[in-house]
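The values are calculated or read from the model by the stated rules, or taken from the named source; none is laboratory data. These numbers were taken from a predicted model, which means no experiment stands behind them. All Cβ positions, even for glycine, are placed from backbone atoms using ideal geometry, and neighbour counts span all protein chains on display. Side chains included, ligands, DNA and RNA excluded: accessible areas come from the protein's heavy atoms. Shrake-Rupley method; radii C 1.70, N 1.55, O 1.52, S 1.80 Å.
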Amino acid sequence: MTAVSCLSLISPVGYCAASTAAAVRASIAAFAALPYRDINGEPIRGASIEAIPGEIRGRDRLAALARLAIDQVDPSLGDQLPWGDMPLVLCAREPGAQGARMNGILSDLRYRNGAPISGARSGHIAAGQISAFAAIEQSRKILRESSVEGCLIMAIDSLIDTRALNWLDQHKRLKTSEQTDGVIPGEAACLSLVTRKPLFDSRVTVRGVGLAMETATVLSEEPSRADGLTEAMRLALQEAGIAMHDVDWRLSDVAGESFAFEELALAQMRLVRRVRAEQLVWLAADCMGDCGAAAGLIQFAIAEQAFTRGYAPGAVAALHGSSLHGGRAAAIITH
């Protein structure tokens, strides 16, 4: 058994997991004009975090996100943890992805009691949207091989960045008045705890994780058969010991592009062997845009709130992750 509890979540629609999940549940979006313009000179719409001034950019913006995430940790949870003794896995964007560097971004961070937030065996995973899934796998390995009480996972990313926005616009992946099949940029920071057994009432239990690669990406010319996402889901379902029709609802990092919607639907079609009345899909990006490497951990936090507060559509949820350069991931979770 592996338990995942959200300690902190900073998003454009809330400064904790509860408020963010409530906004997603109520379909409250935070889209507004950003202080950036597209190649046609029109303002770019996105979802930014108001607590961070617009003039704070690049690496300083990522550092501000990380600081906010630590400051907003609930003391009733955080004060129980052995800060400085837990490994921390940082989830980052993929190598070559445009944006600010994250080197050393956590080195000076301290919890409210002055302890460093990370301990021995800490590291980072640069896999974009699937980073959280890979980080959970790495955390499970650390927990099996050591006596540490738990592992921390922090996911930080911001597409509110000149380099990222320009790359998206140049590759026709940015949603504009002329390019409707694109993503809306967002940003977020999330900190979660992975343990062998639940330490808190608010958590999700990971029943299975699957990781795979896809060659037919949104940047390639290959026809998509959703092979990678299908394989990731198959591995997660196999570990959980269930079939696709046993999944009650799903969450995904799909952020607006038709390619991603089609891939998600195709993967489901290839795995379903029994008809269900419904299988809802929740998309956090509908409210906060594409949050990059933070998108995976956001799914876990939203599912945790739904389970804890009793409004989840069922007992079993499936989470999906798709990175730009082909990484695909899935997880099966329960309360």
Next on the checklist: Out of everything in the stretch 300-321 that is among the aromatic types (Phe, Trp, Tyr) and under 19 Å from the mean Cα position of the chain (by Cα), what residue ends up being farthest from Ala284 (Cα to Cα)?
Outcome noted: Phe307
Checklist entry - Taking only pairs six or more apart or across chains, which ones have beta-carbon atoms under 8 Å, a first residue in the stretch 127-146 that is within 11 Å of Ala293 (Cβ to Cβ) and open to solvent by 10 Å² or more (accessible area, probe 1.4 Å), and a second residue that is β-branched (Val, Ile, Thr) and not in a helix (DSSP H, G or I)? => result Ala134/Ile125
Checklist outcome for this item: Given the conditions (1) open to solvent by less than 70 Å² (accessible area, probe 1.4 Å); (2) among the aliphatic types (A, V, I, L, M); (3) in a loop (DSSP other than H, G, I, E, B), every one holds for Ala120 apart from (1)
Checklist entry - Would you say Asp157 is surrounded by 19 or more Cβ atoms within 10 Å (Cβ to Cβ), part of a strand (DSSP E or B), at pLDDT 90 or above and of a type in the set (Asp, Glu)? => result yes
Next on the checklist: Being closer than 20 Å to Ala100 by Cβ and open to solvent by 80 Å² or more (accessible area, probe 1.4 Å) is the filter here; which residues of the stretch 32-66 pass it?
Outcome noted: Pro35, Arg37, Glu50, Glu55, Arg57, Arg59, Asp60
Checklist outcome for this item: Picked from the stretch 215-228 (must be assigned to a loop (DSSP other than H, G, I, E, B) and acidic (Asp, Glu)), the residue farthest from Leu271 (Cα to Cα) is Glu221
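Can you spot a residue in the stretch 289-297 that is of a type outside the set (Gly, Ala, Ser), under 17 Å from Leu168 (Cβ atoms) and open to solvent by less than 50 Å² (accessible area, probe 1.4 Å)?
yes
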Checklist entry - Right, Ala97: within 22 Å of the chain's Cα centre (by Cα), surrounded by 12 or more Cβ atoms within 10 Å (Cβ to Cβ) and at pLDDT below 90 or not? => result yes
Checklist outcome for this item: Checked Glu231, Glu262 against criteria (in a helix (DSSP H, G or I) and in contact (Cβ under 8 Å) with a residue 40 or more places away in the chain); the one match is Glu231
Next on the checklist: What's the number of the only condition in (1) within 22 Å of Gln305 (Cα to Cα); (2) assigned to a strand (DSSP E or B); (3) not β-branched (Val, Ile, Thr) that Ala212 fails to meet?
Outcome noted: (1)
Item to check | Pick from the stretch 173-205, criterion in a strand (DSSP E or B) and of a type in the set (Val, Ile, Thr), ranking: farthest from Leu219 (Cα to Cα) | outcome: Thr195
